[in-house]
Structures are given as C-alpha cells and as structure tokens.
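Worksheet: one structure, shown below.
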Amino acid sequence: MRLLHAGRSLILASGMAAGVLAVSASAGAVDPAADQAHPAQSPAVDWPVLKPARPLDAATEARIAAMVAHMSLRQKVGQMIQTEIKVATPDDLRTYYLGSILNGGGSWPYGRREASAAEWLRLSDAYYDAAMQSDAPDKIPPLWGTDAVHGHNNVRGATLYPHNIGLGAAHDVELVRKIGAAVGKAVRATGVNWAFAPTVAVVQDQRWGRTYESFSSDPAQVRAYARAYVFGLQDDPSGHGDVIATVKHFFGDGGTDAGKNEGVNTATKEDMIKIHEQGYIGGLEAGALTVMASFNSWNDKAEGVDYGKMHGSRDLLTDVLKTKLGFDGLVISDWDGVGQVPGCSKTHCPQAVNAGIDMIMVSQGWKPMLEATVKDVEDGAIPVSRIDDAVTRILRVKMRAGLFGRRPSASKYAGRDEALRNSALARRAVRESLVLLKNNDHTLPLKSGKRILVVGKSADSLANQAGGWSVTWQGDQTTNADFPGAVSVLAAIRKANQGGLVRYSATGEDVRVEDYDVVIAVLGETPYAETLGDIKTLSHTARYPEDLSVLNAVAGHGRPVVTLFESGRTAYVSDLLNRSEAFVALWLPGSEGGGVSDLLFKRPAKAKPGHNLDFRGTTTFDWLASACPSKDAPVLFKAGYGLTYRHHGPNLAPLAETPPIQSCPDAAK
Ligand code: GLC
C-alpha cells in the first residue's frame, strides 16, 4: 500500500523515506524526517485548514460509488460495525456483512495467549474467506485492528520497543519511522492489517494513566513523530510490511483536568489547536488512513462552549477533522465509547454516527447495534447520506490499503514468527531513550569484571520492563516465560559484566553490601494501562514504598548505588535520588534490556563502529521537585534535560525531600 501522493511524490532517497509533501500553502512543504519545531498552524484563533494528503482517485471513487449504490442498508451498516474476535465468528462476517474485527488488549486468536503468527494468520484468513462468501453484490475484505502500540505487543515473542515516552526522549525521528515500519511488518505477518497507533496525545498532567503512550509534552515533536510513525506503518516500499495507521485519540485526551482518563479537557480553543491538534496535523500530513475518537470531553470554558464528549461532537469530528483538516479516511469510535454520549448506550447511538463516527467499535453487543442502527436509518434518525458517507470512507480506506483481492496469507512475511522480531532496532531505541539524570563522581560508566550487587523488584521483571499493553491489556498477569527472546536488565548486566560477579537480591536486606564494588537498584512502577494508571499524586514512594526501603537497605555502606528507574511518567523521586550516586530514567524500555547495559558499562576500545557509547536521551516532560503538578510547581529537571558521559556537569547536590503524600488538592475525584 505505497501511498504515492500523485503530484506530491514521496521522494525515497538513500533508503529513507524523506517525503516531501506539499500539503497546503499555509502549512508549507513538510519533511517527515524533520524533528525540528514547525511553526504551529496559524492563525492561532481558528481551526487550521489542510488539504487531504492525497487527491481522490477518480477511478477508485467511481468504483466505490458503484459499490455503495448496490449495497443494501444492512450491508452498509454491517460495514460500519467493528467487534471483538471473541464474539464474532468468521461466519458472522459472512452473514451480517461486518466490516471489521479487532482483538482488544490481551485478546488472542482462539483465546490462546501463545498463538503463533501462523495461528493469527489462520484466523485472519478465515475471516477474509467468510467475507468473500457473503451474498453481497461486492465481496468486501474485512479490517482487523489491533493495539500494536510498542511492537506487536499482544503476540507472544514479538519484540517490544520502548513505549512512546521513551521514544520521545530519544529525539530521533528516523528511528521512529523505522520502528513504525518494523511494527507494520510484524502486524502484517499475523494477517492483521490495522494498527491502532500512534497515540498523539500531548500530555499536560503526568498523573494521566496513559502518559507513557505520549511521545512528548512538546506539540511540535509530537507532530513530527506522528508523521514519521504513520509513514513507517503505512508506507513500506516493498508493500509487504504496511498496515493502516490510526492517529488517536481525537482529541485533547492528554489535557484533561488533573490528568483524569476519559475526563474533561478545559483548554482554550487556541491551546486545543496549538497543543492537542498538532499530532493530527502531523499524522494527516503523512496520510493516516484512520482516526480514533477520544473518550474525553472538551469544555471551552474561555468561550463558554461545552462541546461535550468527543464521540458525540459533530463540531469536532466532522467540522474540524473532516472539513477543516480535510480528513477523508474513516473515524472509528473507541471501545464502546459511543455509550458515553448522553442519551446513548453501548449498543445504540445515532448521535455518534451523525456526529461523524464512521465505524463503531462494539466490544460485545454488535448485533443489537446493527439492528438499532438499521432502524435509525429507516426511521430517519440517521440520514442515508451519512451512512453512505461512512461506507464510502470505509471502502476508500480498504482500497487505499490494497486489501481488495489480497488474502491475508498472500504476503511475503505471512505466518513467519521472525517477522515479529527486530531486537537490534529495539536495543538501539532503548539506548537512545535512556536519560542520565545524575552521575555524581563519575560513578558511571562501570568497568566490567566487578562484584555487582543488583537489587530491586524490577531487575528481572520483564512485565515491569515492558509496562502496559504487553501480552495482556494491563501488562500484568504475566511471567517472564510470556516474553520468549526478551532480555531482562538483570540478564543484560550479567552478560555485560564479563569476568565479574553479579548477585541479585530483590530487597537488598539479605546481603552484605560491603562485599560488592557497586550496587545497581532496578526500581519503578508496575504495569498499568488507561484508567488503572491514573494517579492522584506524582509521589513515587506513596505508591511504591518498597523502592525506598530497598535504597535505605543498600545506601550508606560506602558503595556507590546506581538506580535504574522504570516508569511510564516522570515522578517525584527526590528521596530516591538522594540515596543514589547515579540515576537513570529507563522509562518502559520493553524487551531489550541489553540496551541498558550497553550504556552502563564502559565499552571496549574496539567497540563496534556506530555503537553509541554515550547517553543522548533527554526528558520530554518536566521532572518536578514536588508531588503535585501545577502551573507554578517547582521543576527539578526541565524538559530537555539529560546528562552524558562527555558533558555531565557538576554533582547533583542533596535535594529537599517531602514525605510521601497520597493526594493533591486538585486530584481527580
Ligand atoms: C481502548 C483504548 C484504545 C484502544 C481501544 C482498543 O479503550 O482507549 O486506545 O485502541 O480500546 O483496544
């Protein structure tokens, strides 16, 4: 599905898609490989206007119109329904003309967590074949959507890349494009053709449970990354590794009051444009084929206009996204998101369809949704023209993605487990994402061959290392056996410390610290996703007191302590910093722990060329010196901060510590 932009050809130079896409005079030519800050769209007070990334192809549009004209109402509405593989058989697609299936987080073919690429593919072929046997005049291939948000993360053995917060810290837009391409290849290998990625939230309050899904608090970086990631996912030059991308969640999900997931964003219109819309501009510039609506609401208090839930807002889904931004792909609702629209249920919501939802993601009750929506059209609650527009968009996406006449297994990498993996790329991403926050007395890098005591709950926990959306939805209820091929930080340290001794103690209480040369403490958060990740305070010790206990056990014994902190957000950790001579933010690095040891240990002089020997990551969010975010909260490390071995500056002085607090004055209720 090479998205050639007739008249705006993508220039594939030196193996790198350095697309030059003249989108519109106001936006100017954009280079997807650019990570520099683009001027936000102006004027600031009105919604930006874009031209569609690609002109409509007359022959395709004529073919679509002819198909729509021959479809019955039930066939049209069937195309607008997406439901979970747990509740729809291939025969349901044949009988009810369903347009799409998805596997939610932690949902696998036949309910088998260990399903191989070949087993995913077999089910996808079955859905495709069933759709081809429907009695509809035109046989329409199904879409299969999956949350491949840091690799093909529902699939056992797939490489897991750093979550987006770590990729943001790497400041490497070409790396992001390459990761998009690697994820597309992995997804296509399982017969799946649609990735619900990238998230393009620009997070304002890190108490939000989905902070780690955001690249940055800098809208210009999010815009550049969105563009690169979408190009990576959708534009595989070989045509065998491309999948449909989704910029999500439209929009303002990262700006809700107190970071409450699915909450209310009360930003001004100007901030909605300059902050929260920028990722969509980037994604649409790259030709993203789909947009996912957001659970949050927008209440423009400054203007006195409450737009309410995004899923029910025609002003935003149609007027802003489709008309102003020129989006001509499909808008999909989020998981039963239509049910949150006032007056709607999870199985009936004409308001959302009329607002601009083209495909409805229904977790279970797809049959009542189908029947109710057909009746809405018959009763005039939904105009036929809206249905025809939605189906036209769905068919346009399927045609642009080249799905017609392409059985899932008719693909170069189909069914091949090795296509799920790219450890070298992920290891590079880990290295580039790490942020060195403290390195007193040049504690790092370590010389190998030493006696190393490793402590902390996360040292050998691949679940903590990977975070949410890893094999399961929450990233929990897994063991290391669920991540075949992955390398924990502890395993990586053992491998890197050639000729030395490595002892692991989770608590650090059953060992004599003096028997070792250095202590490495691997601490941080345990996995979470969405609302379950919402917190009331950034105080790490309030949520995880065990980490402070570990440092209290190993600090003060005359041995340097190196703390490696795994988290989906920055946090209030001044107490942990004070008990560490060196402190590295790992974010949520994923399956390749080797990327961590690559930087911890001094490289042999004959290091492989191009193997970066030093830190380069910088935090993309302010790291606070208090547990409660606010406009005037004290900042410990400003966004953009990160030490290197070459330039590490003076030692970090002891920090003021406040006792752990369980809530902040404005915490979401
Ligand atoms: C979830 C998330 C969304 C995801 C969808 C399907 O609720 O909000 O990001 O793509 O459901 O799993």
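See the values below:
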item	result
Residues of region 397-424 classified as part of a helix (DSSP H, G or I) and more than 24 Å from the chain's Cα centre (by Cα), total	1
Single condition Asn261 does not satisfy, out of (1) buried (at least 20 other Cβ atoms within 10 Å of the Cβ); (2) within 16 Å of the ligand (Cβ to nearest atom)	(1)
Residues (part of a loop (DSSP other than H, G, I, E, B), more than 16 Å from the ligand (Cβ to nearest atom) and crowded, with 24+ Cβ neighbours inside 10 Å) located in region 264-304	Glu277, Ala286, Gly287
Residue list for region 227-258, filter: of a type in the set (A, V, I, L, M) and either crowded, with 24+ Cβ neighbours inside 10 Å or within 15 Å of the ligand (Cβ to nearest atom) (or both)	Ala228, Val230, Leu233, Val243, Ile244, Ala245, Val247
Flag if Ala182 is surrounded by 24 or more Cβ atoms within 10 Å (Cβ to Cβ) and within 14 Å of the ligand (Cβ to nearest atom)	no
From Ala118, Ala131, residue being in contact with a Pro (Cβ under 7 Å, 6 or more places away or on another chain), more than 16 Å from the ligand (Cβ to nearest atom) and either in the same structural domain as Lys178 (by TED's automatic domain parsing) or not aromatic (Phe, Trp, Tyr) (or both)	Ala131
Given (1) within 26 Å of Gly594 (Cβ to Cβ); (2) more than 16 Å from the ligand (Cβ to nearest atom); (3) crowded, with 24+ Cβ neighbours inside 10 Å, number of the condition Gly157 does not satisfy	(3)
Hits in region 329-365 (condition: within 16 Å of the ligand (Cβ to nearest atom) and outside any loop (DSSP other than H, G, I, E, B))	Leu330, Val331, Ile332, Gly337, Val338, Gly339, Gln340, Ala352, Met359, Ile360, Met361, Val362
Close pairs from region 135-146: first free of Cβ contacts under 8 Å to residues at least 24 places away in the same chain, partner surrounded by fewer than 24 Cβ atoms within 10 Å (Cβ to Cβ), Cβ under 8 Å, at least 6 apart	Lys139/Ala131; Lys139/Met132; Lys139/Gln133
Some residue of region 97-110 being more than 16 Å from the ligand (Cβ to nearest atom), free of Cβ contacts under 8 Å to residues at least 24 places away in the same chain and out of contact with any Ser or Thr (no Cβ under 9 Å at 6 or more places or on another chain)	yes
Members of region 129-154 found to be closer than 14 Å to Asp91 by Cβ and crowded, with 24+ Cβ neighbours inside 10 Å, listed by number	Pro142
Scan of region 368-395 for residues that are basic (Lys, Arg) and under 30 Å from the mean Cα position of the chain (by Cα), ordered by number	Arg393
Which numbered condition Ala126 fails, given (1) in contact with a Phe, Trp or Tyr (Cβ under 8 Å, 6 or more places away or on another chain); (2) away from the ligand (no atom under 16 Å from the Cβ); (3) small (Gly, Ala, Ser)	(1)
Matching residues, region 201-216, being within 13 Å of the ligand (Cβ to nearest atom) and more than 14 Å from Lys274 (Cα to Cα)	Trp208, Gly209, Arg210, Tyr212, Glu213, Ser214
The lone exception for Leu446 - which of (1) touching a Pro at 6+ places or on another chain (Cβ under 8 Å); (2) surrounded by 17 or more Cβ atoms within 10 Å (Cβ to Cβ) it fails	(1)
Members of region 628-664 that are in contact (Cβ under 8 Å) with a residue 60 or more places away in the chain and under 27 Å from Leu167 (Cβ atoms)	Pro629, Leu636, Phe637, Ala639, Tyr641, Gly642, Leu643, Thr644, Tyr645, His648, Leu652
Counted residues, region 305-318 - those being outside any loop (DSSP other than H, G, I, E, B) and either touching a residue at least 24 places away in the same chain (Cβ under 8 Å) or within 16 Å of the ligand (Cβ to nearest atom) (or both)	9
Filtered residues of region 556-575 (kept if closer than 24 Å to Lys447 by Cα, buried (at least 21 other Cβ atoms within 10 Å of the Cβ) and of a type outside the set (Val, Ile, Thr))	Leu564, Phe565, Glu566
Where Ala224 falls short, out of the listed (1) more than 14 Å from the chain's Cα centre (by Cα); (2) within 16 Å of the ligand (Cβ to nearest atom)	(2)
Filter result for the condition that a residue is in contact with a helix residue (DSSP H, G or I) (Cβ under 8 Å, 6 or more places away or on another chain), in contact (Cβ under 8 Å) with a residue 12 or more places away in the chain, buried (at least 21 other Cβ atoms within 10 Å of the Cβ) and of a type outside the set (Phe, Trp, Tyr), over Val77, Val87	Val77
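A quick yes/no check of all residues on (1) in contact (Cβ under 8 Å) with a residue 60 or more places away in the chain; (2) surrounded by fewer than 18 Cβ atoms within 10 Å (Cβ to Cβ); (3) among the charged types (D, E, K, R):
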| residue | (1), (2), (3) |
| --- | --- |
| Leu330 | yes, no, no |
| Ser333 | no, no, no |
| Val341 | no, no, no |
| Asp379 | no, yes, yes |
| Leu395 | yes, no, no |
| Arg406 | yes, yes, yes |
| Ser411 | yes, no, no |
| Asp417 | yes, no, yes |
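Condition check ((1) within 16 Å of the ligand (Cβ to nearest atom); (2) outside the structural domain of Phe196 (by TED's automatic domain parsing); (3) over 20 Å from the mean Cα position of the chain (by Cα); (4) under 16 Å from Leu551 (Cα atoms)) across all residues:
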| residue | (1), (2), (3), (4) |
| --- | --- |
| Gly467 | yes, yes, no, no |
| Gly485 | no, yes, yes, no |
| Leu501 | no, yes, yes, no |
| Val511 | no, yes, yes, yes |
| Val519 | no, yes, yes, yes |
| Thr537 | no, yes, yes, no |
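The values are calculated or read from the model by the stated rules, or taken from the named source; none is laboratory data. What you see is a predicted model; the values in this text were computed from it and never measured. Positions of Cβ are backbone-derived with ideal geometry, glycine not excepted, and every protein chain shown enters the neighbour counts.
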